[in-house]
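Encoded as structure tokens, the structure appears first; notes follow it.
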Amino acid sequence: MCPDRRRRRHERRPSPSLPPGPAADRPPLSALFLVDFDVKAGYTIAWRRALPGLELDGRVEYKSLPSGLHTVARDLVYFVHDGAHAGLSAFVNEPCDEEEARHARMIAVGVLVPLSYGRLGRAWRHAENLELMAAKLAKDRNMTEVLERYWLANKADDAAAAASPPEASPDLPASPALDRNTGCRPITRPGA
């Protein structure tokens, strides 16, 4: 391979237009939300979309934030929500000129995906896009159209679609401790 081509391949950066890559390689979203820090109200959900019946208020705001968030510039936070969903949020602590915000804008853009799609619901497949959206929204939190587009491109069709797992998870093997379909330990025979 010629040096110029090799250099270009390593210099590629994700496109700022969302969503990059086909949605087929990402698990469907059960929820997408923006958590914003308000000096008077604390952490609040500033924007949200979720499948019917999935409760977010008072349940995802603090799960979406890293420990020691005042000293962290950026982070990815994984969590489990309601025992059926994996959560992933991209946190950004961006300096700003707003005195009423104490010169820092702290936001997190997060998703919930069904745990039935594999370990942590394969939520990490949304990580790059969450980081891009969080970076944009930290600069201008009114750019929520980027969230709306991502939701429409990646949301689960309905609750039944979100609960049905794919045929196989090609990126991670099944857990050796528990059978993926039954949730029980596999039967093993000595010497087998």
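The values are calculated or read from the model by the stated rules, or taken from the named source; none is laboratory data. Given the structure is predicted, the values throughout are model-derived calculations rather than measurements. Positions of Cβ are generated from backbone atoms using ideal geometry, with glycine treated the same way; all protein chains shown enter the neighbour counts.
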key: the stretch 116-158 - residue that is on the phi > 0 side of the Ramachandran plot and assigned to a helix (DSSP H, G or I) and, of those, surrounded by the most Cβ atoms within 10 Å (Cβ to Cβ)   = 121
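Just need a number here: residues in the stretch 32-56 that are farther than 21 Å from residue 105 by Cα and out of contact with any Phe, Trp or Tyr (no Cβ under 9 Å at 6 or more places or on another chain).
So the count comes out to 5.
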request  = Would you check which residues across the stretch 108-144 are under 13 Å from the mean Cα position of the chain (by Cα) and of a type in the set (Val, Ile, Thr) and list them?
outcome  = 109, 111, 113
ask   = So which residues in the stretch 1-48 are at pLDDT 50 or above and touching a helix residue (DSSP H, G or I) at 6+ places or on another chain (Cβ under 7 Å)?
value = 23, 25, 26, 27, 28, 29, 30, 32, 34, 39, 47
note = Residue hits (the stretch 46-56; surrounded by 10 or more Cβ atoms within 10 Å (Cβ to Cβ) and under 18 Å from residue 85 (Cα atoms)) are 48, 49, 50, 51, 54, 55, 56
key: Any pair with Cβ under 6 angstrom, 6 or more apart, that starts in the stretch 62-77 at a residue that is farther than 19 Å from residue 139 by Cβ and modelled with pLDDT under 85 and ends at one that is of a type outside the set (Ser, Thr, Tyr) and part of a loop (DSSP other than H, G, I, E, B)   = 66/72
